[in-house]
Amino acid sequence: MFDNIIDFIQDIYQTKDFIPLHEPRFFGNEKKYLNECIDSTYVSSVGMFVNEFEDRIANYVGTKYAVSTSSGTSALHVSLLLANVERGDEVITQPLTFVATCNAISYCGAYPVFVDVDRDTMGLSPVALREFLDSNTTISNNKCINNSTGKVIKACIPMHTFGNPCKVDEIKVICDEYNICLIEDAAESLGSLYKGKHTGTYGEMGIMSFNGNKIITAGGGGCIVTDNEALAKQAKHLTTTAKIPHKWAFNHDQVGYNYRMPNVNAALLVAQLEQLDSFLNSKRKLASHYKAFFTNKRIDFVTETEGAKSNYWLNVLILDNLEQRDLFLEITNAAGVMTRPVWALMSKLPMFKDCQKGNLSNAEWLEDRAVNIPSSVI
Ligand SMILES: Cc1ncc(COP(=O)(O)O)c(C=O)c1O
């Protein structure tokens, strides 16, 4: 029954061979810049491509600063440390996310608290967030105290799921009201805007990932974007082993991390960033083909919500129920068209199952129905 979908996707990618979910594209200056990087011998953590990439990505998203990191996960970890998240604290996030969001919270010795997503954006719901905070917390000494655990809720990490912006302006207002630091997990949403402003730039800090499956990639890498000079400086310091800059002396003033992005990765990223706009155009075209195909079919194709401009990183279909979802996954994957369910909800994973959660009915609804379909640049 899904044969016409398989034919359609094979037509789009003009192949009957295996079609992956998201393949990187290296159409530009990647090899040229890599050669320049190798010739310079500066392949490691200092070098002109690191600085150039940081300048260019900050300029692209519209923040004053960007600090490159070894991965999106390390960017999240450092952002949480800079938000002063400490052992025993709590951080609100959504259950529908990649495990890295919650792992980073755990690296700080803190606990995730799960609040539901909206069905349309698939990201943290401001209504559910307010509801949770209103009924479960008290502000005391400018801190947001969770009444049931007595712990401090220090930060909130909404995620722009599959590139689809969540209602982050409303989330920001609520976080400000409750003295909670807003860190956006924009790992998947480079190129996505909400109300004309780049995702990742509403929060005190935003993070991005350049893992192999992302819209632009260096194989691995990440960054923190912020307008706050002190945070940017601290982020650079912490991600570079907290070494006090000096021509020859090795001195470190706190426990730091080796979370630097190597210059080779930055060389690749400078080339990838040059192509981002054309990747975004291609992905919008692909999404519009999918939208036209799925209109009037019994399967919903997820499109951007009002005020949002999605990068359509991974396209999403909503099937009728779990049975239909599994049938769809079975048939498409057997035909060599890669499709995937969304992540198992974080609130169900063994290491997070005892963490506090609100009503997660939208996340559960999506978990049973949403699938990703091939989304590589065409
Ligand atoms: C939502 C989300 N957060 C964080 C990450 C972590 O990024 P990385 O793989 O670069 O560590 C990813 C992707 O990998 C992600 O999709």
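Each value in this text was obtained by applying a stated rule to the coordinates, not by laboratory testing. Here the structure is a predicted model, which means the values were calculated and not measured. All Cβ positions, even for glycine, are placed from backbone atoms using ideal geometry, and neighbour counts span all protein chains on display.
For residue 278 and residue 40, compute 0.36 nm times the residue count separating them, minus their Cα-Cα distance, and round to one decimal in nm.
Details: separation 238, 0.36 × 238 = 85.68 nm, distance 2.91 nm.
Extra length from residue 278 to residue 40 when fully extended: 82.8 nm.
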Could you tell me whether the range 127-233 comes out rounded, prolate or oblate from its Cα gyration tensor? Rule is a ≥ b ≥ c as square roots of the eigenvalues, rounded for a/c under 1.5, then prolate if a/b exceeds b/c, otherwise oblate. prolate
Springs between alpha-carbon pairs under 10 angstrom, Gaussian network model over the chain: which of 97, 137, 73 fluctuates most? 137
In whole Hz, what ³J(HN,Hα) sequence does the range 35-47 give by Karplus (6.51, -1.76, 1.60; θ = phi - 60°), x for Gly and Pro? 4, 4, 5, 5, 4, 6, 6, 8, 9, 8, 7, 10, x
Compute the signed sum of charges (Lys and Arg +1, Asp and Glu -1) over the other residues within less than 15 Å, Cβ to Cβ, of residue 75. -2
Give the peptides 3-15, 169-181 in descending order of average Cβ contacts within 10 Å, highest first. 169-181, 3-15
Points 7 angstrom from Cα along the Cβ direction at residue 195 and residue 86: gap in nanometres? 3.4 nm
Quote to one decimal, in nm, the extra length available between residue 321 and residue 134 on full extension: 0.36 nm per residue of separation minus the C-alpha distance between them. 64.1 nm
Could you please rank 55, 118, 39, placing first whichever residue has the fewest other Cβ atoms within 10 Å of its Cβ? 39, 55, 118
5 Å is the cut-off here: which amide hydrogens, built 1.01 Å from N in the peptide plane, fall below it relative to residue 308, excluding neighbours closer than 5 in sequence? 195
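Would you mind working out the magnitude of the charge dipole of the chain relative to its Cα centre, with +1 at each Lys and Arg C-beta and -1 at each Asp and Glu C-beta, to the nearest 20 Debye? Provide the component values of the computation, followed by the final result.
Working: 35 positive and 43 negative charges, 126 e Å.
With Lys and Arg at +1 and Asp and Glu at -1, about 600 debye.
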Give the order of 45, 125 when sorted by the count of other beta carbons within 10 angstrom, beginning with the fewest. 45, 125
Percent relative contact order of the range 160-310, based on C-alpha pairs within less than 8 angstrom and at least six residues apart? 22 percent
Got the relative contact order for the range 271-344 handy, in percent, Cα pairs under 8 Å and 6 or more residues apart? 23 percent
List the aspartates and glutamates whose Cα sits under 17 Å from the Cα of residue 167, skipping any in the same chain fewer than 8 residues away. 116, 118, 120, 131, 176, 177, 184, 185, 188, 204, 304, 306
In a Gaussian network model of the chain with springs linking alpha carbons closer than 10 Å, the residue among 313, 343, 248 that fluctuates most is 248
Proxy exposure order for 261, 346, 351 (fewest C-beta within 10 Å first) is 351, 346, 261
Expected 222 nm ellipticity per residue - DSSP helices of 4 or more, -39500 (n - 2.57), all of the chain, to 500: -11500 deg cm²/dmol
Label zone at residue 18 (point 7 Å along Cα-to-Cβ), backbone N below 17 Å, the range 313-330: 330
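Could you tell me the calculated FRET efficiency between residue 8 and residue 99, based on Cβ-Cβ distance and R0 = 22 angstrom, to the nearest 0.05?
Details: r = 32 Å, r/R0 = 1.44.
Approximately 0.10, to the nearest 0.05.
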Using alpha-carbon pairs under 8 Å, 6+ residues apart, how would you state the relative contact order of the chain in percent? 25 percent
